[in-house]
1. May I ask you to verify whether R11 is at pLDDT 65 or above and either of a type in the set (S, T, N, Q) or in a loop (DSSP other than H, G, I, E, B) (or both)?
2. Can you tell me which residue in region 31-64 is farthest from A97 (Cα to Cα), limited to those that are at pLDDT 85 or above and part of a loop (DSSP other than H, G, I, E, B)?
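The values are calculated or read from the model by the stated rules, or taken from the named source; none is laboratory data. All values derive from a computational prediction rather than experimental measurement.
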Amino acid sequence: MGGADDRRKHRRLPVKVVALCRKVGSVHDHAFSGNTVDICPDGLLLETHPELIEGSSQNSTTDTGDLFNIELDIPDADSANRFSGKVSAYARVVRIASLQPDQKIGKKQIAFQFCTRPQFDI
């Protein structure tokens, strides 16, 4: 963990997997994909790419407080009896940061806080 100013309860692990995010209660199928930057028991940090947006219109926005169903695909590492599967949880957006502030549409980092305990499906 960091220095005296670090307020995090849990250590974050640098886990890089693809995540699918579907907005809960959206009239339109507002979904996007991204890559996780890190993950902890309380949530995850996701980096999105404009080319990975699925089925959401240009006018569709993601705001702080929005609720999403998050699905992470855990790949099979090798054939040495390691398992693969899917982790899913409900999470709310707590922070959005643009990685390319000079561009209208660009990479963003979205911090999610889990609202439910992540479920693992083999």
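1. Values: at pLDDT 65 or above: yes; either of a type in the set (S, T, N, Q) or in a loop (DSSP other than H, G, I, E, B) (or both): yes.
Answer is yes for this residue.
2. As a first pass, look at region 31-64 and keep what is at pLDDT 85 or above: 31-48, 62-64.
Of the ones still in play, those that are also part of a loop (DSSP other than H, G, I, E, B) are 41-42, 62-64.
Working: P41: 21, D42: 19, T62: 11, D63: 11, T64: 11 Å.
Filtering first and then ranking leaves P41.
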